[in-house]
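S.K.: Would you mind keeping the following structure in view while I ask a few things?
The values are calculated or read from the model by the stated rules, or taken from the named source; none is laboratory data. Keep in mind that this is a model prediction, so the values were computed, not measured. Don't worry about glycine lacking a Cβ; one is built from the backbone with ideal geometry, like all the others, and counts go over all protein chains shown.
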Amino acid sequence: MVIKYIDNITFKKMLVGAAINLENNKALVDSLNVFPVPDGDTGTNMNLTVQSAIKEIDNLKEITIEKIAEAVANGSLMGARGNSGVILSQLFRGLSKGLKNVNKIDSKAIAESFKSASDTAYKAVMKPVEGTILTVARETAEKAISTYEEYDDVSLFLEDLTIQAKSTLSRTPEMLKVLKQADVVDAGGKGLIYLLEGALAALKGVEIKAEKAEKTEVVDTELEIESFTSEDEIIFTYCTEFFIKNATISHEDFLSKIYDKGDSIVCVGNDGLIKIHIHTNNPGHILSIAVKYGELIKVKIDNMKEQFRERLKRHTPKNIEKKQYGFVSVGMGEGIEKIFKDLNVDVFISGGQTMNPSTEDILDAVNKINADNIFVLPNNSNIILAANQAKEISQKNIFVIPSKSIPQGIAAMLAFKEENNVDKNFSSMTEALKEVKTGQITYAVRDTVFNDMEIKKDEIIALYDGNIVAHGENTEDQTIELIKKMVDEDSFLITLFYGDKVEKNIVEDLKNRIEEVAEECDVEIIYGGQPLYYYLISVE
């Protein structure tokens, strides 16, 4: 049967089908991370972005094609997480533009909306990179524009466009060297394919069922802390949530390993996926146990005492005098949070690797600050786009410092001067990013080959300047190798932020070793408390 157009009911079904298909396959998209580090989250970020869009559709009172498209654009905009999520939200935004005043979607409307989606996404990215989701979207849109007149059947048209998208995706390793080295296709492009396939299946009347009935939303700690009447009642400070993917243990057996390490414990799971919620005073210890039994994803750690204090501030009627400057910073770890709070950061968003805050999360943080000018420090390259998107939406005067790491964020805060005007501060804080080098020590989550290095699962890997530069069995040995590559004749200070699984005596021994190989540098060790990364290294 020929399907000549898509009506509003079918359009909504297609979007729901697309969302379910991505939800079912997000783990595979996550696994396409170029580096074998424990923070592959493209699929998770795209899925959370799309789920936010679907929630917006569910709240609609007027179900027209235009209103549905607007809801998808608005929902994905606020829920966008990570670079892939922000780009996806811009694709939806362009799609919405292309469907204005459209009552029935025919092949021409599909082509024009795809072209609008691609154009909008490219304009939103300062330096578009080919070989990514952008390329898949663009070549698919170009195919649509050049061929739509040949199709009366929108089903056949979308089928051929999906084939085009797959063809482009298969060529992404030829466009991006890092993809070819890792022997993967672009993760964001793969996520887009799942969306197209889900939408096409729904158009053909095929029902796609969610593979897991279990809900995977994180618990809202704002609701949890409402049960407390004083800070003293909070015995376990950190509300910790995460998933163990590809678990090698049952949820019952994992519960037996953590039942005495906190309270408010929820541990459920099926098909190799375990969801854990626990209040604890040592989230790092819980994560260090969990990582033995699979890959950690969607890690979320909230300081409930801090949230309780913030709640008291919000509900205490008093006039807070407006100040000239305010600061929002993103990071993970008790020590990292303390550093930024000591540097006068007003709101610290717990997030970063594995847990990119959404555009809405950043907006909420900004809205808690009563200041003329607010600086946002993403401290992660995968959060900068969401921060800039928040800046565009907000009515406040926001300045996004493009910090890509914790050391860069700290350097930027140290460069801030209260007496300087906002332009001078923005300039000096941005310039400070260039004065610090960042290294990271973590572990490999899979076997891979990178720059002719054969890396085995669970090996220690050292990252510097966007590359894996060393790997081996011993954490401290790889740290020394990394520092040797980072230090040059102009270096004068090395700072080690050690993670929640590293014992201080080990770090002190490591400090002595570093002082031997970098005699001209001062060496500092600071507790960061970050999960998953044994060391964050700053060289100035």
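S.K.: Can you pull out the residues in segment 448-474 that are of a type in the set (S, T, N, Q) and surrounded by fewer than 20 Cβ atoms within 10 Å (Cβ to Cβ)?
M.R.: Passing the criteria: Asn451, Asn467, Asn474.
S.K.: Test Glu241 against the stated conditions and say whether it is acidic (Asp, Glu) and within 15 Å of Leu296 (Cα to Cα).
M.R.: In short, yes.
S.K.: Let me ask another. Can we say Lys391 is surrounded by 17 or more Cβ atoms within 10 Å (Cβ to Cβ), in a helix (DSSP H, G or I) and basic (Lys, Arg)?
M.R.: Taking the combined requirement at face value, the residue satisfies it.
S.K.: If a residue has to be closer than 16 Å to Ala18 by Cα and either out of contact with any strand residue (DSSP E or B) (no Cβ under 9 Å at 6 or more places or on another chain) or of a type in the set (Val, Ile, Thr) (or both) to count, how many in segment 48-64 make the cut?
M.R.: Result for segment 48-64: 9.
S.K.: In the set Lys424, Lys511, which member is free of Cβ contacts under 8 Å to residues at least 24 places away in the same chain, surrounded by fewer than 20 Cβ atoms within 10 Å (Cβ to Cβ) and assigned by TED's automatic domain parsing to the domain that holds Ile401?
M.R.: None of the other options fit; the residue is Lys424.
S.K.: Name the one entry in Ile286, Ile339 that is over 21 Å from the mean Cα position of the chain (by Cα), buried (at least 16 other Cβ atoms within 10 Å of the Cβ) and within 25 Å of Gly409 (Cβ to Cβ).
M.R.: Ile339
S.K.: Name the residue, out of Ala470, Ala518, that is closer than 30 Å to Asn246 by Cα and either outside the structural domain of Tyr238 (by TED's automatic domain parsing) or modelled with pLDDT under 90 (or both). Lay out the reasoning, then the answer.
M.R.: Numbers: Ala518 fails: closer than 30 Å to Asn246 by Cα.
So the residue among Ala470, Ala518 that is closer than 30 Å to Asn246 by Cα and either outside the structural domain of Tyr238 (by TED's automatic domain parsing) or modelled with pLDDT under 90 (or both) is Ala470.
S.K.: Oh, and also: Output the residues belonging to segment 349-373 that are surrounded by fewer than 24 Cβ atoms within 10 Å (Cβ to Cβ), part of a strand (DSSP E or B) and touching a Lys or Arg at 6+ places or on another chain (Cβ under 6 Å).
M.R.: Passing the criteria: only Ala371.
Each row is one residue, and each column tells you yes or no for (1) out of contact with any Asp or Glu (no Cβ under 7 Å at 6 or more places or on another chain); (2) at pLDDT below 95; (3) assigned to a loop (DSSP other than H, G, I, E, B).
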{"position": "Met429", "(1), (2), (3)": "yes, no, no"}
{"position": "Ala432", "(1), (2), (3)": "yes, no, no"}
{"position": "Thr442", "(1), (2), (3)": "yes, yes, no"}
{"position": "Arg446", "(1), (2), (3)": "yes, yes, yes"}
{"position": "Phe497", "(1), (2), (3)": "yes, no, no"}
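S.K.: Pairs needed: first member in segment 64-77, crowded, with 21+ Cβ neighbours inside 10 Å; second member anywhere, basic (Lys, Arg); C-beta distance under 7 Å; at least 6 residues apart or different chains.
M.R.: Pairs found: Ile68/Lys12; Ala73/Arg93; Gly75/Lys55; Leu77/Arg93.
S.K.: Evaluate the following for Thr10: is it touching a residue at least 40 places away in the same chain (Cβ under 8 Å), of a type in the set (Val, Ile, Thr), out of contact with any helix residue (DSSP H, G or I) (no Cβ under 6 Å at 6 or more places or on another chain) and within 28 Å of Lys100 (Cα to Cα)?
M.R.: The answer is yes for Thr10.
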